[in-house]
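> Below you'll find the structure I mean.
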Amino acid sequence: MKNYMIKSLGVLLLAIALAACGSSPTPTAPPVDLPAPVVTAAVPTAQPNLCNNIYYPVKNKAVYKYTSTGSSAGAYSFQNVISRSTRKGFTVTSRFKKAVNRLRWECKPEGLAAMGIGLTDMASSMALRQFTNFTASNVTGVSLPANLAPGMEWAYAFDLQGTERVKPGEPAGNIAGRISMTYKAGNIGNVTVPAGSFDALAIEVKTSTEFQIVRANGQNQQIVSFATYTIWYAPGVGWIKSNGSGNLNSQKYFETIVLDSYTIP
């Protein structure tokens, strides 16, 4: 009996040993390298170019040549060149009769606004021939609204100061006053000028001006003028024609301005 128990115990121990040797550990999955989290940089939002206006393309080195006829000032020609264009504004340089005028424009969410007097008709041409160093203040409204369309109405006004054009060394007088304009966009129609035929938007502009001139010799002069013009703007081109009449210190005048040629880079 004793020998039997010893044998049985030996068999049991042998079975346990064999089981231990034959069994393998539970396989463990190899570690997986997880990709690092991807950080996406914020893309800056493009700021809109407020100078983009379908009726006044703002392009550096764009050149426009015009001729005026019919007024008491006689026929005259002038050239406008756009320069220093940014997202905030641009400069229009007008050259005529040996005179140069640089006018800065601002581009606003509501539209384009000229910061002073530009060469637009006979009255402004006479002012620019006699005076210089113009500065504008208290500007309200815009010259051309954004999203301009038939039927729109708007206003624009500013105070203006300048000095008299004189020869070097001579005392100069001063000019100061205010210019106010109201606009009403009409219909789109075909307009033919020397530069070509265009489908253009007609805009009626009524201008009232009142200035006080103080000459270097102490003499004072008041200038009052009223004018009503129709101005045509062609999409992708700009100002192509003006036609109207006015009253400058009780003297009536009529005028037509046409675009002779233009180059837009």
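The values are calculated or read from the model by the stated rules, or taken from the named source; none is laboratory data. Bear in mind that the values here come from a model prediction, so they are computed numbers and not experimental data. Here the Cβ positions follow ideal geometry from the backbone for every residue, glycine too, while neighbour counts run over all protein chains shown.
> Just give me the residues in the stretch 134-186 being touching a Ser or Thr at 6+ places or on another chain (Cβ under 9 Å), hydroxyl-bearing (Ser, Thr, Tyr) and more than 20 Å from residue 110 (Cα to Cα), in sequence order.
Hit for the stretch 134-186 is 163, nothing else.
> Right, next: Note down all Cβ pairs under 9 Å where the first residue falls in the stretch 243-265 and is more than 29 Å from residue 63 (Cβ to Cβ) and touching a residue at least 60 places away in the same chain (Cβ under 8 Å), the second is of a type in the set (Val, Ile, Thr) and assigned to a strand (DSSP E or B), and they're at least six residues apart or on different chains.
Partner pairs satisfying both residue conditions: 248/209; 248/223; 248/224.
> How about the stretch 104-116: which of its residues are assigned to a strand (DSSP E or B) and either within 9 Å of the chain's Cα centre (by Cα) or modelled with pLDDT under 95 (or both)?
Here is the first cut: in the stretch 104-116, the ones assigned to a strand (DSSP E or B) are 104-108, 111-114.
Selection gives 105, 106, 107, 108, 111, 112, 113.
> How about the stretch 164-265: which strands (runs of 3 or more DSSP E) wholly inside it have at least 1 residues that are basic (Lys, Arg) and exposed (fewer than 13 other Cβ atoms within 10 Å of the Cβ)? So that I can check it myself, show each step before the final result.
Working: elements: 174-193, 196-214, 220-234, 238-248, 251-263.
Strands (runs of 3 or more DSSP E) meeting the threshold: 251-263.
> Suppose we keep only residues that are over 11 Å from residue 143 (Cβ atoms), in contact with a helix residue (DSSP H, G or I) (Cβ under 8 Å, 6 or more places away or on another chain) and not aliphatic (A, V, I, L, M) within the stretch 88-118. Which one would you say is surrounded by the most Cβ atoms within 10 Å (Cβ to Cβ)?
Result: 101.
> Counting only residues that are within 21 Å of residue 113 (Cβ to Cβ) and either outside any loop (DSSP other than H, G, I, E, B) or touching a Cys at 6+ places or on another chain (Cβ under 8 Å) (or both), how many does the stretch 148-163 have?
Final tally of qualifying residues: 10.
> Here's another thing I want to ask about it. For the structure I just gave you, tell me whether residue 151 is on the phi > 0 side of the Ramachandran plot, out of contact with any strand residue (DSSP E or B) (no Cβ under 9 Å at 6 or more places or on another chain) and exposed (fewer than 12 other Cβ atoms within 10 Å of the Cβ). Working first, answer last.
Values: on the phi > 0 side of the Ramachandran plot: yes; out of contact with any strand residue (DSSP E or B) (no Cβ under 9 Å at 6 or more places or on another chain): no; exposed (fewer than 12 other Cβ atoms within 10 Å of the Cβ): yes.
Here the answer is no, as residue 151 does not meet what is asked.
> Consider residue 139 carefully, then state whether it is aliphatic (A, V, I, L, M), in contact (Cβ under 8 Å) with a residue 12 or more places away in the chain and not in a strand (DSSP E or B).
Values: aliphatic (A, V, I, L, M): yes; in contact (Cβ under 8 Å) with a residue 12 or more places away in the chain: yes; not in a strand (DSSP E or B): no.
No; evaluated as a whole, the condition is false for this residue.
> Oh, and also: Among the residues of the stretch 214-221, are any touching an Asp or Glu at 6+ places or on another chain (Cβ under 8 Å) and closer than 28 Å to residue 172 by Cα? Explain how you work it out, then say what you get.
So in the stretch 214-221, the residues touching an Asp or Glu at 6+ places or on another chain (Cβ under 8 Å) come out as 215-216.
Of the ones still in play, those that are also closer than 28 Å to residue 172 by Cα are 215-216.
Checked against the condition, which is being touching an Asp or Glu at 6+ places or on another chain (Cβ under 8 Å) and closer than 28 Å to residue 172 by Cα, the stretch 214-221 yields at least one hit.
> Look at the stretch 77-99 and say how many of its residues are within 20 Å of residue 146 (Cα to Cα), out of contact with any Leu (no Cβ under 8 Å at 6 or more places or on another chain) and outside any strand (DSSP E or B). Break it down into steps so the answer makes sense when it comes.
Going residue by residue through the stretch 77-99, those that are within 20 Å of residue 146 (Cα to Cα) are 82, 85-92.
Remaining after also requiring out of contact with any Leu (no Cβ under 8 Å at 6 or more places or on another chain): 82, 85-86, 89-90.
Next, from what is left, pick out any that are outside any strand (DSSP E or B): 85-86.
Within the stretch 77-99, residues that are within 20 Å of residue 146 (Cα to Cα), out of contact with any Leu (no Cβ under 8 Å at 6 or more places or on another chain) and outside any strand (DSSP E or B) number 2.
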